[in-house]
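No lab work stands behind these numbers, since they all come straight from the coordinates. Note that the structure is predicted; figures quoted are calculated from it, not measured. Note that we place each Cβ from the backbone using ideal geometry, even for glycine, and neighbour counts take in every protein chain shown.
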Amino acid sequence: MLKKFLALTICSVLVVPLVQANEVNLYSARKEALIKPVLDQFSAQSGIKVNLITGDADALISRIANEGKFSPADMLVTTDVGRLVRAKELGLLQAVQSEEIERQVPTHLRDADQQWIALTIRARPIMYAPERVDVKQLTTMEELTDARFKGRICVRSSSNIYNQSMVSAMIEQLGEENTLNWAKGLVANFARPPKGGDRDQIKAVAAGQCDIAIANTYYLAGMLNSADSQEVEAANKVKVLWPNQGDRGTHINISGAGITRHAPNKANAQALLDFMLSKEAQAWYAEHNGEYPLRSDVEQSDVLKSFGEFKAENIPLDKVGAQNATALKLMDKAGWK
Ligand code: FE
C-alpha cells in the first residue's frame, strides 16, 4: 500500500511539471490585435497555451532584465530590430537553431549569433502627392536634401525607433559624415517640426501640408483598408516611391523575436517561433498588417501588390541595431527634433 502510494506520489511529481510546461509565455511589443489570432492558431494546432503579455518594448525588456533568471518570459517579440539588439546586448536572449529558421529566414535578417530572427519585413519608402511631385527627378533618399524640396517634407520625430534604424542603416552604408550631412539637409527641408506618427505624415501629404513623407508601408495599407472613409480618401491621394532601386535598395526593418536566456519553456517557444514562420502565419501578416512575408511562397496581399515590387536593403540588420546610439547623437546634431 505504502509502495503504491509512493509510486503514485513520484508519478505525480514527475507528471506535474510536464503538464505545467504545456504553455509558453510571450512578452510582446506587438499589439494584441496583431498577434493574438496567430497565437490562437498555434494553440489550436499544438495544444500549447500561449500566455500573452503585451507592452512597450523597452518596458518589456527592463521587465525581463529585472526578473532575471526567475523571469517567466520564454519569448520576446518586437516590431523593430533596434529593440532586439538592445535585448541581446543586455544578455537577455539565447541562441536558437531550427531547420525552419535556416530555410525561411535570410541570414541578413537574423542575428549573427542567432539570438533573434525576423518574423516579417517592414518597408520604409518615400510617399508623395503625385500631382505635386515629379518622381522622374526623385529616385534616392539622398535627393530629398535638394533645395527644390525645401519646406515640403514631413517626417516624424527622431525619438522614433523607425527613424533611428533608418539613419543607422545609412550610417552603416554611407558613413557617419555623409549621413550627418544628409540629415542636416533633410531637416532643412522639413515642412514643419516633426509631430505625430507615420500615419499623420501620410495624412499631412494628403491634406497638402507637405508633398513628401517617409513612412512604413503598413500604415498606408492600414489606411487603404480602413473602415473610415476619410482615411481611405486620404490614402488614395498618396503614392509609394521606392528609393535607391539603382543602388542599395529601400530601407527595411523587421518585426522579430528571440527566445529569452532563462526561458522555462524553451521547446514550446521554439515550436512557436517555427509556427510564426509557417505559411499560414506569414500570410496572415501580409493580409492583416500590410507587412512583407519572409517566405517567397506566400502571396502578397492586393494592397501590397499595388505598391509594386522593390529592391530592399540587404545589409545585416544586427549592424543596423548596433548603430542606434550613434544614430541618435547624429540626428540630434542635425537638429532633427
Ligand atoms: Fe508601427
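Worth pointing out:
- Residue exposure proxy: Glu177, Glu172, ordered by other Cβ atoms within 10 angstrom of their Cβ from fewest to most, comes out as Glu177, Glu172.
- Net charge of Cβ neighbours under 13 Å - reference Arg132; Lys, Arg +1; Asp, Glu -1: +1
- When each of the peptides 23-36, 99-112 is scored by how many other beta carbons lie within 10 Å of its residues on average, the order from highest to lowest is 23-36, 99-112.
- Over the residues of the chain, the helix contribution to mean residue ellipticity at 222 nm works out to -13000 deg cm²/dmol, using -39500 (n - 2.57) for each DSSP H run of at least 4.
- Net charge contributed by nearby residues that have their C-beta within less than 13 Å of Thr54 (K/R +1, D/E -1): +2
- Per-residue Karplus couplings for segment 170-176, computed as 6.51 cos²θ - 1.76 cosθ + 1.60 with θ equal to phi - 60°, are listed in order as 5, 4, 4, 9, 10, x, 5 Hz, Gly and Pro entered as x.
- Rounded, prolate or oblate (a/c below 1.5 giving rounded, otherwise prolate when a/b exceeds b/c) for segment 38-118 by Cα gyration tensor: oblate
- Rg and Dmax [Cα atoms of segment 23-76; Å; Rg one decimal, Dmax integer]: 11.6, 33
- Positive-end ranking of Ala227, Pro130, Ile259 along the dipole of the chain, with charges on Cβ about the Cα centre, is headed by Ile259.
- Beta bridges by DSSP in the chain, antiparallel share as percent, to the nearest 5: 60
- Ordered by the count of other Cβ atoms within 10 Å of each Cβ, fewest first, Lys266, Lys333, Lys203 give Lys333, Lys266, Lys203.
- For segment 99-124 versus segment 268-336, the gap between their alpha-carbon centres in whole angstrom: 9
- Between the Cα long axis of helix 266-276 and the first principal axis of the chain there is an angle of about 40°, rounded to the nearest 10.
- The amide H of Thr250, built 1.01 Å from its N in the peptide plane, has Lys311, Ala312, Glu313 as neighbours under 5 Å, considering only residues 5 or more places off or on other chains.
- Phi to ³J(HN,Hα) by Karplus 6.51 cos²θ - 1.76 cosθ + 1.60 over segment 202-216, Hz, x for Gly, Pro: 5, 5, 5, 5, 4, 7, x, 6, 8, 10, 9, 9, 10, 7, 6
- Neighbourhood net charge (9 Å Cβ-Cβ; Lys/Arg +1, Asp/Glu -1) for Gly185: -1
- Base-10 log of normalised Debye intensity for segment 166-213 (one unit scatterer per alpha-carbon) at q = 0.14, 0.27, 0.32 Å⁻¹: -0.43, -0.94, -1.07
- Long pairs among Lys49/Lys279; Lys150/Lys237; Lys88/Lys195; Lys136/Lys305; Lys31/Lys239, criterion Cα-Cα beyond 25 Å: Lys88/Lys195; Lys31/Lys239
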